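Chemist: Okay, here's the structure, questions in a sec.
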Amino acid sequence: MPMNKMVLAANANAAGSHVGEWRHPDAWDHPAANIRNAVRLAQIAEAGKFDLLFLADGNGVRQLDKPDLFRATSPSDRPGVFEPVTLLSALAMATRHIGLVATATTTYDEPFHVARRFASLDHISGGRAGWNLVTTSNPEDALNFSHSEHVARDTRYARAGEFAAVVKGLWDSWADDAFPQDKASGTFLRPEKVHMLDHAGEHFRVRGPLNAPRSPQGHPVIFSAGQSETGKDLSAQHADCVFAIEGNLANAQRLYADIKGRLPKFGRAADAMRILAGVTIFVGETEAEADALFQELEDLVPPAVGVDYLSKMLGRSMRDLPLDEPMPELDEEHVGHTGIGKAILRVAREEGLTVRQTYQRILPQMGGNMFKGDARRIADIMEEWFTTGGCDGFMIAAPVVPTGLERFIRLVVPELRRRGLFREEYEGPTLRDNLGLARPANPFFPS
Ligand SMILES: Cc1cc2nc3c(=O)[nH]c(=O)nc-3n(C[C@H](O)[C@H](O)[C@H](O)COP(=O)(O)O)c2cc1C
């Protein structure tokens, strides 16, 4: 997509993003591993001309130690979901244009498997695949992969850099014209058009070649969301798109300039990357309607579940604290494994929030950002972020699936179009076409 149009991505978790969401009367019944809902959600987002669907993922069921939250579930715990690339392969057959982006971990997977899965998805979807590269945020996932504890951050990121280079090398195993499949001559493939990777590094030894032809996009689009210094460097070196989670415009602008400023170090141009701001959007016909939906969802979360959720976000138990007393002073260095815990403590301290007020504050946006209001107000905020160097587009979680997404498409998308900020039609058949990103040349077979 040309840079003057914003990118819109939809969270494809059919259980939504708010802890109370699945219980809302408008939410789909039986959202666990429900293929009909997933297809419907994809088709709604495609009718709205969204660039892509995004499936976050992890490989462990979470919150087993928090009984109330475990029973009620929170969207990112995913106790009953599909394996994401399997699901996106099915959605590829039910859609024609929308990009299909799934998460896979570089810490507990193998580069060959990941290269193969996403090349396959790219072929199956006609060039609409994307890989969200993560090093795994949930420490307990380690327990499902023969580790007794999470791999340390430095090792995770060192492995991730080598992993990404191997995956890209495998995607370049074949020249684009390596498979003539000519019945008359008996030439299925041209042996001179294969490149053996023969990678031998600190973490991986991979001979290659990949057992798939070069895919329609050359390389499926790579996403990442690391916000640490090493995470940002990894993105600047390897990612085509980055998910950012800053809570206000000034911080988003700083992060945007920081990440894009790192691209030249890796020989890349600033327009080789799209940065998408993650946000939950509550939109109504009126401000009052958006406020009412917001409150309905808050009321669906009983205090015990809310406190467990706060404990999850801070990475320590808050269960024994009085609900209506101020939040205790906690050491910022010892909350959670990401910057989210620190941000929550800062807000609680600055605004003098109680325990109850703190969990209520984080429920709607999972510790991330939130926009709320009528269509014009939402479009104003999105326009400001987009035109002042805050982001190139948005990764949108809509409260209550599917009605929240339908409402965004009915109310906000036309307003964005009126302002010339969002597409009328898809630009081309591949996700790269729609994002305005070039198809990578194959360094082993220059044309
Ligand atoms: C929008 C968004 C989506 C993310 N999705 C996942 C995910 O699906 N799986 C995962 O393990 N981590 C996910 N993360 C976490 C990041 O991969 C990363 O661990 C986190 O942003 C902290 O960055 P750091 O590891 O560089 O400190 C996501 C982060 C953001 C902002």
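Chemist: All but one of (1) within 15 Å of the ligand (Cβ to nearest atom); (2) in contact with a Phe, Trp or Tyr (Cβ under 9 Å, 6 or more places away or on another chain) hold for residue 58; state the number of the condition that does not hold.
Modeler: All conditions are met except number (2).
Chemist: Based on this model, can you work out whether residue 297 counts as away from the ligand (no atom under 16 Å from the Cβ), in contact with a helix residue (DSSP H, G or I) (Cβ under 8 Å, 6 or more places away or on another chain) and either touching a residue at least 60 places away in the same chain (Cβ under 8 Å) or assigned by TED's automatic domain parsing to the domain that holds residue 137 (or both)?
Modeler: So residue 297 passes the test.
Chemist: Looking only at region 171-212, filter to residues that are open to solvent by 80 Å² or more (accessible area, probe 1.4 Å) and under 35 Å from the mean Cα position of the chain (by Cα); which one of those is farthest from residue 111 (Cα to Cα)?
Modeler: Here the residue is 176.
Chemist: Turning to a different aspect of this structure: Looking at (1) surrounded by fewer than 16 Cβ atoms within 10 Å (Cβ to Cβ); (2) in a helix (DSSP H, G or I); (3) within 16 Å of the ligand (Cβ to nearest atom), which one does residue 147 not meet, given that it meets all the others?
Modeler: Single failed check for residue 147: (2).
Chemist: Another one. Mind checking whether some residue in region 129-142 is modelled with pLDDT of 95 or more, in the same structural domain as residue 200 (by TED's automatic domain parsing) and open to solvent by 50 Å² or more (accessible area, probe 1.4 Å)?
Modeler: No: region 129-142 contains no residue that is modelled with pLDDT of 95 or more, in the same structural domain as residue 200 (by TED's automatic domain parsing) and open to solvent by 50 Å² or more (accessible area, probe 1.4 Å).
Chemist: Oh, and also: Testing residue 164 on (1) more than 12 Å from the ligand (Cβ to nearest atom); (2) under 19 Å from the mean Cα position of the chain (by Cα); (3) not in a helix (DSSP H, G or I), one condition comes back false. Which one is that?
Modeler: Here residue 164 meets the rest and fails (3).
Chemist: So, one more: Go through region 255-275 and count every residue that is within 13 Å of the ligand (Cβ to nearest atom) and either under 26 Å from residue 169 (Cα atoms) or touching a His at 6+ places or on another chain (Cβ under 7 Å) (or both).
Modeler: Qualifying residue count for the region: 2.
Chemist: Applying the selection to region 57-81, what residues are of a type outside the set (Ser, Thr, Tyr) and closer than 25 Å to residue 39 by Cα?
Modeler: 57, 58, 59, 60, 61, 72, 75, 77, 78, 79, 80, 81
Chemist: List the number of the failed condition for residue 435; all other conditions in (1) open to solvent by 10 Å² or more (accessible area, probe 1.4 Å); (2) touching a residue at least 12 places away in the same chain (Cβ under 8 Å) hold.
Modeler: The number of the failed condition is (1).
Chemist: Condition check: free of Cβ contacts under 8 Å to residues at least 60 places away in the same chain, in the same structural domain as residue 250 (by TED's automatic domain parsing) and of a type in the set (S, T, N, Q). Does residue 403 satisfy that?
Modeler: Spelling it out, it is not the case that residue 403 is free of Cβ contacts under 8 Å to residues at least 60 places away in the same chain, in the same structural domain as residue 250 (by TED's automatic domain parsing) and of a type in the set (S, T, N, Q).
Chemist: For residue 86, work out the one condition from (1) part of a loop (DSSP other than H, G, I, E, B); (2) within 16 Å of the ligand (Cβ to nearest atom); (3) surrounded by fewer than 21 Cβ atoms within 10 Å (Cβ to Cβ); (4) of a type in the set (Val, Ile, Thr) it doesn't fulfil.
Modeler: So residue 86 meets the others, but not (1).
Chemist: Can I ask one more? Would you be able to tell me the number of residues in region 407-429 that are open to solvent by less than 70 Å² (accessible area, probe 1.4 Å) and not aliphatic (A, V, I, L, M)?
Modeler: Here the count works out to 11.
Chemist: Let me ask something else. Within region 136-152, identify whether any single residue is touching a Ser or Thr at 6+ places or on another chain (Cβ under 7 Å) and on the phi > 0 side of the Ramachandran plot, and answer yes or no.
Modeler: yes
Chemist: Further, regarding this structure: What about residue 193, is it over 23 Å from residue 130 (Cα atoms), in contact with a strand residue (DSSP E or B) (Cβ under 7 Å, 6 or more places away or on another chain) and in contact (Cβ under 8 Å) with a residue 12 or more places away in the chain?
Modeler: Yes, satisfied.
Chemist: To continue, here is another question. Would you say residue 361 is at pLDDT below 95, more than 22 Å from residue 292 (Cβ to Cβ), open to solvent by 40 Å² or more (accessible area, probe 1.4 Å) and not assigned by TED's automatic domain parsing to the domain that holds residue 38?
Modeler: So residue 361 does not fit the description; no.
Chemist: Now a separate question. Using the structure shown, decide if residue 403 is farther than 17 Å from residue 284 by Cβ and either open to solvent by 10 Å² or more (accessible area, probe 1.4 Å) or not aliphatic (A, V, I, L, M) (or both).
Modeler: no
Chemist: Which condition does residue 266 not pass, out of (1) open to solvent by 50 Å² or more (accessible area, probe 1.4 Å); (2) among the aromatic types (Phe, Trp, Tyr); (3) under 29 Å from residue 125 (Cα atoms), if it passes all the others?
Modeler: Failed condition: (3).
Chemist: Right, something else. From the list 252, 236, pick out the single residue that is open to solvent by less than 20 Å² (accessible area, probe 1.4 Å), away from the ligand (no atom under 11 Å from the Cβ), farther than 28 Å from residue 347 by Cα and not in a strand (DSSP E or B).
Modeler: Exactly one of 252, 236 is open to solvent by less than 20 Å² (accessible area, probe 1.4 Å), away from the ligand (no atom under 11 Å from the Cβ), farther than 28 Å from residue 347 by Cα and not in a strand (DSSP E or B), namely 236.
Chemist: Conditions: (1) in contact with a strand residue (DSSP E or B) (Cβ under 7 Å, 6 or more places away or on another chain); (2) modelled with pLDDT under 95. Residue 67 meets all but one. Number of the miss?
Modeler: Going through (1) in contact with a strand residue (DSSP E or B) (Cβ under 7 Å, 6 or more places away or on another chain); (2) modelled with pLDDT under 95 one by one, residue 67 breaks only (1).
The values are calculated or read from the model by the stated rules, or taken from the named source; none is laboratory data. Everything numeric here is computed off the predicted structure, so don't read it as measured data. Here the Cβ is made from the backbone with ideal geometry for all residues, glycine too, and neighbour counts use every protein chain on show. Keep in mind that these areas ignore ligands, DNA and RNA; they rest on the heavy atoms of the full protein, side chains included. Shrake-Rupley method; radii C 1.70, N 1.55, O 1.52, S 1.80 Å.
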